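Student: If you scroll down you'll find the structure; I have some questions about it.
The values are calculated or read from the model by the stated rules, or taken from the named source; none is laboratory data. Here the structure is a predicted model, which means the values were calculated and not measured. Note that each Cβ is placed from the backbone with ideal geometry, even for glycine, and that neighbours are counted across all protein chains shown. The area values use the complete protein model at the heavy-atom level, side chains included, leaving out ligands, DNA and RNA. Shrake-Rupley method; radii C 1.70, N 1.55, O 1.52, S 1.80 Å.
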Amino acid sequence: MYTVTLLSSPTAPCLETSLLGALQTAWGGGDARWLAPNEAAEFEIGQKPANQWDVWSDVQALGVDLVVQPTAGRRKKMLLADMDSTMINEECIDELAEVAGVGAYVKDITAKAMNGELDFEGALTERVALLSGLDEDIIAQVLAERITLMSGGPALLATMKAHGAYAALVSGGFTAFTASIASKLGFDENRANILFAEGGKLTGKVAMPILGREAKVQALEEITARLGITEQDVLAVGDGANDLGMLTRAGSGVALHAKPSVAAECDIRINHGDLTALLYVQGYSKDDFKTA
């Protein structure tokens, strides 16, 4: 059996009963279950529809995300999440670069790297070099003044952890940021790159080896082995090219507001919903959501 999940933005819910009913009829679906009024609903079907992606394109234009996945095992035991533009709205290195006066240049490199147009390690090394000489305490300032949590993140973490899931934050960014975000949201562990500083100033260098695409896959392998679970038990979420390894290996890989080249490689693509979409696709209703 497969479960079809339809969801829309929680701030502007627009899922209509007529759309849900039309899709049920077209795909021979079972009874619908509303997960949140006008926002999210699901129903089961016997086989994956051949026109899934045509329909996906149609409902995208209506502000609706569509996910079709096997029903069995869709509620996961572990969350493996990227940080920048996933658990937070910003790219930390871009925010640091703004303070350093090289924001536009760095943002262009970041965008190309996240879309897979540039080598991630080379692009990170180049961007970090431009931060040389910044006061180290600027990191705390950026965290306080420029970094905001992605909508739905607290509910995602609190709900999954209340049901026994393990949560790991694995970023190509920096530990100075992941430690803070992991603590705020309740992640069990975090992994990222280490920025070097001397005499209270950033040196423009980062510890080697750089944590990129392969390191995220390594985290998936190491943590699942340690917990005694399988990769199929993992829900991974990210938005950039360096996330693709873990997204394609995990049982459920979610491309969240992702770059087009990344979304194209993932079966679960969330463009309109927020992080609570990751709860809906696991079968949680809004009434099941927990708060931190």
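Student: With respect to F196, is the statement that it is within 21 Å of T5 (Cα to Cα) and surrounded by fewer than 24 Cβ atoms within 10 Å (Cβ to Cβ) true?
Tutor: Numbers: within 21 Å of T5 (Cα to Cα): no; surrounded by fewer than 24 Cβ atoms within 10 Å (Cβ to Cβ): yes.
So F196 fails the test.
Student: Is there a residue being open to solvent by 10 Å² or more (accessible area, probe 1.4 Å), assigned to a strand (DSSP E or B) and within 22 Å of L275 (Cα to Cα) anywhere in region 8-18? So that I can check it myself, show each step before the final result.
Tutor: Kept after step one, since they are open to solvent by 10 Å² or more (accessible area, probe 1.4 Å), are these residues of region 8-18: 9-14, 16-18.
From what's left, assigned to a strand (DSSP E or B): none.
There is no residue in region 8-18 that is open to solvent by 10 Å² or more (accessible area, probe 1.4 Å), assigned to a strand (DSSP E or B) and within 22 Å of L275 (Cα to Cα).
Student: When region 110-134 is examined, which residues are found to be closer than 24 Å to A182 by Cβ and either in contact with a strand residue (DSSP E or B) (Cβ under 6 Å, 6 or more places away or on another chain) or open to solvent by 70 Å² or more (accessible area, probe 1.4 Å) (or both)?
Tutor: Answer for region 110-134, where residues must be closer than 24 Å to A182 by Cβ and either in contact with a strand residue (DSSP E or B) (Cβ under 6 Å, 6 or more places away or on another chain) or open to solvent by 70 Å² or more (accessible area, probe 1.4 Å) (or both): E121, V128, L131, L134.
Student: Scan region 205-212 and give yes if some residue there is touching a residue at least 40 places away in the same chain (Cβ under 8 Å), buried (at least 19 other Cβ atoms within 10 Å of the Cβ) and under 14 Å from the mean Cα position of the chain (by Cα), otherwise no.
Tutor: no
Student: A further question follows. Working only within region 54-112, note down all residues that are among the basic types (K, R) and either touching a helix residue (DSSP H, G or I) at 6+ places or on another chain (Cβ under 7 Å) or farther than 15 Å from Y280 by Cα (or both).
Tutor: To start, the set of residues in region 54-112 that are among the basic types (K, R) comprises 74-77, 107, 112.
Result: K76, K77, K107, K112.
Student: While we're here: With the checklist (1) at negative phi; (2) under 12 Å from the mean Cα position of the chain (by Cα) in hand, flag the one item P260 doesn't pass.
Tutor: (2)
Student: Output the number of the condition that G103 fails; it satisfies all remaining conditions of (1) on the phi > 0 side of the Ramachandran plot; (2) without any contact (Cβ under 8 Å) to a residue 12 or more places away in the chain; (3) among the small types (G, A, S).
Tutor: (1)
Student: R191 - would you say it is free of Cβ contacts under 8 Å to residues at least 24 places away in the same chain, out of contact with any His (no Cβ under 6 Å at 6 or more places or on another chain) and basic (K, R)?
Tutor: no
Student: Just the residues that are out of contact with any Phe, Trp or Tyr (no Cβ under 7 Å at 6 or more places or on another chain) and either among the hydroxyl-bearing types (S, T, Y) or surrounded by 14 or more Cβ atoms within 10 Å (Cβ to Cβ) (or both), please, taken from region 45-57.
Tutor: Correct list: Q52, V55, W56, S57.
Student: In addition: Which condition number in (1) more than 26 Å from G153 (Cβ to Cβ); (2) assigned to a helix (DSSP H, G or I) is the one that V59 fails?
Tutor: The number of the failed condition is (1).
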